[in-house]
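Chemist: I have a structure here, written as structure tokens, and I will follow up with some questions on it.
The values are calculated or read from the model by the stated rules, or taken from the named source; none is laboratory data. Just so it is clear, the model here is predicted, and its values are computed rather than measured. So basically every Cβ, Gly included, is an ideal-geometry build from the backbone, and we count neighbours across all protein chains shown.
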Amino acid sequence: MSRIGKKPVDLPSGVSASVSGQKVEVKGPKGTLSFNATDDVSLAVEDNAITVTPRGKSKRARQQWGMSRTQIENCVLGVTDGFKKELEINGVGYRAQMQGNVLKLSLGLSHEVNYEAPEGVTVSAPKQTQIVVEGIDRQLVGQVAANIREWRKPEPYKGKGIKYVDEYIFRKEGKKK
């Protein structure tokens, strides 16, 4: 039994959901998101909550049960509150600034890195050493943050690079004489 899958996804006030076949569409104050579930689970909207139940007792059905419920919950959370990832830049001369929809990064390379934010995600740089990625789609927000971090991952000796705010960098000791 999936402990996650058993719980129904509650719909807060101002959020509506509709199920047509295997597609769930969630509408809220921040926008609309949809999720296509596999044929291994069945979906139903009952008294202001979405329930997910497996079809059969196969291993795949049990796997999809919890995953589908979590994806639907992420849709509900996205249209109500949205998601946010914060990145921090460490290093001498490393900085970020926004110009329209393009994030310009100076990361010690021979050229500036220009990253254009995809549709559905807002990227902002409140400080030169801070980047904030916000949006309603959790997967897209995380992917954009990972793409930005990929340009200069934090290194273990001085900690220079782009890291998540809550990330811990395991520091190594340098060479000894």
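Chemist: Residue under question is Lys158, and the condition is that it be in a loop (DSSP other than H, G, I, E, B) and either outside the structural domain of Val92 (by TED's automatic domain parsing) or in contact (Cβ under 8 Å) with a residue 40 or more places away in the chain (or both); does it hold?
Modeler: Working: in a loop (DSSP other than H, G, I, E, B): yes; either outside the structural domain of Val92 (by TED's automatic domain parsing) or in contact (Cβ under 8 Å) with a residue 40 or more places away in the chain (or both): yes.
Yes.
Chemist: I would also like to ask the following. Checking the condition in contact with a helix residue (DSSP H, G or I) (Cβ under 7 Å, 6 or more places away or on another chain), over 27 Å from Pro12 (Cβ atoms) and surrounded by 14 or more Cβ atoms within 10 Å (Cβ to Cβ), which residue from Ile169, Ile89, Ile162 passes? Step through it out loud before you land on a result.
Modeler: Working: Ile169 fails: in contact with a helix residue (DSSP H, G or I) (Cβ under 7 Å, 6 or more places away or on another chain); Ile89 fails: in contact with a helix residue (DSSP H, G or I) (Cβ under 7 Å, 6 or more places away or on another chain).
Among Ile169, Ile89, Ile162, only Ile162 is in contact with a helix residue (DSSP H, G or I) (Cβ under 7 Å, 6 or more places away or on another chain), over 27 Å from Pro12 (Cβ atoms) and surrounded by 14 or more Cβ atoms within 10 Å (Cβ to Cβ).
Chemist: Within the set of pairs 6 or more residues apart or between chains, which connect a residue that is under 15 Å from Trp151 (Cβ atoms) inside the stretch 122-134 to a residue that is outside any strand (DSSP E or B) and among the aliphatic types (A, V, I, L, M) with Cβ atoms less than 6 Å apart?
Modeler: Listed by first residue and then by second, the contacts come to Val123/Ala117; Val133/Val141; Val133/Val144; Val133/Ala145.
Chemist: Filter the stretch 66-109 down to the residues that are over 18 Å from Gly142 (Cα atoms), part of a helix (DSSP H, G or I) and small (Gly, Ala, Ser) and list them by number.
Modeler: Listed by number, the residues that qualify are Gly66, Ser68.
Chemist: So Asp47 clears everything in (1) free of Cβ contacts under 8 Å to residues at least 24 places away in the same chain; (2) surrounded by 15 or more Cβ atoms within 10 Å (Cβ to Cβ); (3) under 19 Å from Pro12 (Cβ atoms) except one condition, right? Which one?
Modeler: (2)
This table checks each residue for (1) part of a strand (DSSP E or B); (2) surrounded by 14 or more Cβ atoms within 10 Å (Cβ to Cβ).
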{"position": "His111", "(1), (2)": "no, no"}
{"position": "Ala125", "(1), (2)": "yes, yes"}
{"position": "Val132", "(1), (2)": "yes, yes"}
{"position": "Gln139", "(1), (2)": "no, no"}
{"position": "Ala145", "(1), (2)": "no, yes"}
{"position": "Arg152", "(1), (2)": "no, yes"}
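Chemist: Ok, one more. Looking only at the stretch 101-116, filter to residues that are free of Cβ contacts under 8 Å to residues at least 12 places away in the same chain and touching a strand residue (DSSP E or B) at 6+ places or on another chain (Cβ under 9 Å); which one of those is farthest from Val132 (Cα to Cα)?
Modeler: Looking at residues that are free of Cβ contacts under 8 Å to residues at least 12 places away in the same chain and touching a strand residue (DSSP E or B) at 6+ places or on another chain (Cβ under 9 Å), I get Glu112.
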